[in-house]
Amino acid sequence: MGRVGTDESGTKGNHPDRSSREWCEEALARLSAGRPESALDAARRAADLDPGSEWAHRLISLAHERLGRDAEAAPAAERAVELARGSWQARLRLAAVLRRMPGRWAQAVEQAELARKFAPEEPAPQIMLGDLALLRGEHARAERSYRAALAIDPADPQARVNLGLALLRWDRPRPHHDPAWPLDPRESGRARRALEVWSRQVRLLLAVATLGIAACALLLDRGAEARLGGCVVLLLLVPLTVRQARRVGAWPYVGAMFGRDPWLGVSVVSAVLSVAGFAAWLLLGAVRVLPSLLDPVWAGLAGILVLGWPALAAVRVLTESWRGHPLRALAATEPARPDERTARRNAGVMLWIVLGRTWSVLVTLVAGALVVEPRAAVAAVAVPYPMVRGYLRARRGDRHQVDPWLATALWLVVPAAVACAAGGLLGAAGGLFGAAGAAGAVDGTAGGAAGAAWAWRIGLGALAAAAAVLALRGLQAWWRGGPGPWRSSLLMCDLPVGAGPSVALNSEVRQTFSYARSIVLSYGDSLGPRVAGAVASVTSSGELRLIAETAAWDAIEEDPRVAVFATDPLQRRFWVEVRGIARADSDVLRVTPKQVLVGEFPGRHQRR
């Protein structure tokens, strides 16, 4: 009997009852269409029809994960592994779930390693291992894993995008938190937030207090009263510190958080040093007759208290812009599929990073040339070459996704470099004419000096305009809440894993193993391929259960890839070969199929 009604896809009609595998295919189609709730319903129907279907449980886990229910996704993934212990997709699905659960990171790595052992010919296990390393900040290990995946499939978009992040030394979303800690990321996040707020409040309060005390002492001649106000500020820091310290909570992990996020440690340490510097500054100011040798110390402490915060921010921006290899990362990301949005977004951010490096090198070179030797500015011509080359390469790969702000800044930096180089040449030429002392040398020298001055003005103006474009682009991103020209806009490609169909054994294959008189198990060891006789049965979930000689067990533990061969006694010319992964379970070997080959023996007339 058929059914009349409306299914989850919203289609009405007469639909015959589906099998478990057909419901799994429907769930996969709904997941691909972006309807995880509907896909979850279809996967549950598949599991109800066939409780032994590990594919159905994998799809249930994936649907829960897409809905943000990691706690509910884990039991389904574990059930899939229990049903098919040799399934590399089930192991990968479980690894993807466990990596998001506190305290289970080591298990996620173990499952990914097993998936790679079960399917070394597949790129997905290598990508998962690379993702696990990248999320912990182990960039060298992540790079090796992604390159191993690309050796298997050079066009894999996830491997290419994430390889670019590894080459760029990407900062993960929570750099202070180690995913391997048995600590909820929200707890470490609250601790980090409390430490950041305390550091920011302390430094801002002390900077304002320093400016106020200095103004009162120097302009209003109220030094004593101002210093008393400074002591009050120090006392105000006590309740502020106690309040934020109560919010930290995860004190045993604070030291490790500083090690994983050095800028957080620098911020907290600078706040502590600011308190000590402010107290010393007040003590020096209280001395009635300050020795002249200590005047620079007093002024220096004031400068550190007021300018230390912006100076630290500038150092951080400069340091972050020079981390990693953006050009190599851009080359690694470029061959990804043109429709990969994450690849396009990351490529744009990488070009901004290259532009920032080029601009900083030009500013440093031009400033040195103006101070020391103008002719050194000639080298500025070669500075924009890597930036232009990377931009043109990215534009060829994706012609319709060029950031106009980036193009504007780039074509400002190039003429800036040319103009500054021209200024250095014209200035040098004017000096040569002046030294020659020939007739008309005065006019030539004046003309050269004027041309050099205009060239320098054009070059410096273009550099300032490029900086303004960068600032406006960042302001636009901040206002709209979109990705900006900075490293934090980089995204990791995280595609769903473990959704592929399992290998099914049809009725002919099941019949062959049920009635076969002789079954041969093929495996490998250090000396080469081996064969052994076995007794086999097929479970309802599609696994083979084998009883084989003891010598095979040790070899299979090292290399679980096996092949099981059987012939059908009812059809003399019919044979079956099941290639799969064997895992020891009590006194039997459980073989999860990866490939099924079926054929016929040649007839008498074919043997010649």
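Filter the range 133-167 for residues that are crowded, with 24+ Cβ neighbours inside 10 Å and either free of Cβ contacts under 8 Å to residues at least 12 places away in the same chain or within 21 Å of Lys117 (Cβ to Cβ) (or both) and give the result.
Answer for the range 133-167, where residues must be crowded, with 24+ Cβ neighbours inside 10 Å and either free of Cβ contacts under 8 Å to residues at least 12 places away in the same chain or within 21 Å of Lys117 (Cβ to Cβ) (or both): Ala142, Ser145, Tyr146, Ala149, Gln158, Ala159.
I need the full set of residues from the range 486-497 which are out of contact with any Phe, Trp or Tyr (no Cβ under 9 Å at 6 or more places or on another chain) and part of a loop (DSSP other than H, G, I, E, B), in order please. Before you say what the answer is, go through the steps one by one.
We begin by selecting, within the range 486-497, every residue out of contact with any Phe, Trp or Tyr (no Cβ under 9 Å at 6 or more places or on another chain); these are 488, 491, 493-497.
Of everything in the range 486-497, those that are out of contact with any Phe, Trp or Tyr (no Cβ under 9 Å at 6 or more places or on another chain) and part of a loop (DSSP other than H, G, I, E, B) turn out to be Leu491, Cys493, Asp494, Leu495, Pro496, Val497.
Quick one: is Ala250 modelled with pLDDT under 90, under 37 Å from the mean Cα position of the chain (by Cα) and of a type in the set (Gly, Ala, Ser)? I'd like the intermediate steps shown before the answer.
Values: modelled with pLDDT under 90: yes; under 37 Å from the mean Cα position of the chain (by Cα): yes; of a type in the set (Gly, Ala, Ser): yes.
It is true that Ala250 is modelled with pLDDT under 90, under 37 Å from the mean Cα position of the chain (by Cα) and of a type in the set (Gly, Ala, Ser).
For a quick check of your reading of the model, give me the residue pairs whose first member lies in the range 478-501 and is within 15 Å of Thr342 (Cα to Cα) and at pLDDT 90 or above, whose second is among the aromatic types (Phe, Trp, Tyr) and buried (at least 18 other Cβ atoms within 10 Å of the Cβ), with beta-carbon atoms closer than 7 Å and at least 6 apart or on different chains.
Close Cβ pairs (under 7 Å, with a partner that is among the aromatic types (Phe, Trp, Tyr) and buried (at least 18 other Cβ atoms within 10 Å of the Cβ)) amount to Leu490/Trp170.
Can you work out which of the residues in the range 481-504 that are farther than 30 Å from Gly324 by Cα and buried (at least 20 other Cβ atoms within 10 Å of the Cβ) is nearest to the chain's Cα centre (by Cα)?
Restricting attention to the range 481-504, the residues satisfying the condition of being farther than 30 Å from Gly324 by Cα are 498-504.
Add one more test, that the residue is buried (at least 20 other Cβ atoms within 10 Å of the Cβ), and what stays is 498-499, 502.
Working: Gly498: 20, Ala499: 22, Ser502: 30 Å.
Among residues in the range 481-504 that are farther than 30 Å from Gly324 by Cα and buried (at least 20 other Cβ atoms within 10 Å of the Cβ), the one nearest to the chain's Cα centre (by Cα) is Gly498.
Would you say Gly255 is closer than 22 Å to Gly308 by Cα and among the small types (Gly, Ala, Ser)? Before the answer, list the steps.
On the way: closer than 22 Å to Gly308 by Cα: no; among the small types (Gly, Ala, Ser): yes.
So Gly255 does not fit the description; no.
Which residue pairs have Cβ atoms closer than 6 Å, lie 6 or more positions apart in sequence or on different chains, and pair a first residue in the range 215-243 that is within 14 Å of Val202 (Cα to Cα) and touching a residue at least 24 places away in the same chain (Cβ under 8 Å) with a second residue that is of a type in the set (D, E, K, R) and surrounded by 12 or more Cβ atoms within 10 Å (Cβ to Cβ)?
Close Cβ pairs satisfying both conditions: none exist.
Among the listed residues Ser541, Ser522, Ser518, Ser526, identify the single one that is within 27 Å of Trp55 (Cβ to Cβ), outside the structural domain of Leu351 (by TED's automatic domain parsing) and at pLDDT below 85.
Numbers: Ser522 fails: at pLDDT below 85; Ser518 fails: within 27 Å of Trp55 (Cβ to Cβ); Ser526 fails: within 27 Å of Trp55 (Cβ to Cβ).
From the options Ser541, Ser522, Ser518, Ser526, the qualifying one is Ser541.
Six or more apart or on different chains, Cβ atoms under 9 Å: show the pairs whose first residue is in the range 76-102 and free of Cβ contacts under 8 Å to residues at least 12 places away in the same chain and whose second is in a helix (DSSP H, G or I) and charged (D, E, K, R).
Taking only residues 6 or more apart or on different chains, the pairs are Glu82/Glu54.
Evaluate the following for Glu143: is it charged (D, E, K, R) and modelled with pLDDT of 95 or more? Even if it seems obvious, please write down each step before you answer.
On the way: charged (D, E, K, R): yes; modelled with pLDDT of 95 or more: yes.
Yes: the conditions hold for Glu143.
Got a sec? Which helices (runs of 4 or more DSSP H) wholly within the range 62-165 have at least 2 residues that are under 14 Å from the mean Cα position of the chain (by Cα) and of a type in the set (A, V, I, L, M)? Give the steps one after another, and end with the answer.
Details: elements: 70-83, 88-98, 105-118, 123-135, 139-152.
Per the criteria, 123-135, 139-152.
Every residue in the range 537-558 that is without any contact (Cβ under 8 Å) to a residue 40 or more places away in the chain and under 24 Å from Ser502 (Cβ atoms), please. So that I can check it myself, show each step before the final result.
First, the residues of the range 537-558 that are without any contact (Cβ under 8 Å) to a residue 40 or more places away in the chain: 537-538, 549-558.
Ser537, Val538, Ile556, Glu557 - these are the residues of the range 537-558 that are without any contact (Cβ under 8 Å) to a residue 40 or more places away in the chain and under 24 Å from Ser502 (Cβ atoms).
Mind listing whichever residues of the range 507-530 are surrounded by fewer than 16 Cβ atoms within 10 Å (Cβ to Cβ), in a loop (DSSP other than H, G, I, E, B) and either in contact (Cβ under 8 Å) with a residue 40 or more places away in the chain or in contact with a Cys (Cβ under 9 Å, 6 or more places away or on another chain) (or both)?
The answer is Arg517, Ser518.
Return a yes/no flag: does the range 238-249 have any residue that is in the same structural domain as Gly303 (by TED's automatic domain parsing) and farther than 30 Å from Asp178 by Cα. Full working, then the answer.
Of all residues in the range 238-249, those in the same structural domain as Gly303 (by TED's automatic domain parsing) come to 238-249.
Then drop every residue that is not farther than 30 Å from Asp178 by Cα, which leaves 238-239.
Within the range 238-249 (the criterion being in the same structural domain as Gly303 (by TED's automatic domain parsing) and farther than 30 Å from Asp178 by Cα), the answer is yes, since at least one residue qualifies.
The values are calculated or read from the model by the stated rules, or taken from the named source; none is laboratory data. It should be emphasised that the depicted structure is a prediction, and the values quoted were computed from it without experimental measurement. Note that we place each Cβ from the backbone using ideal geometry, even for glycine, and neighbour counts take in every protein chain shown.
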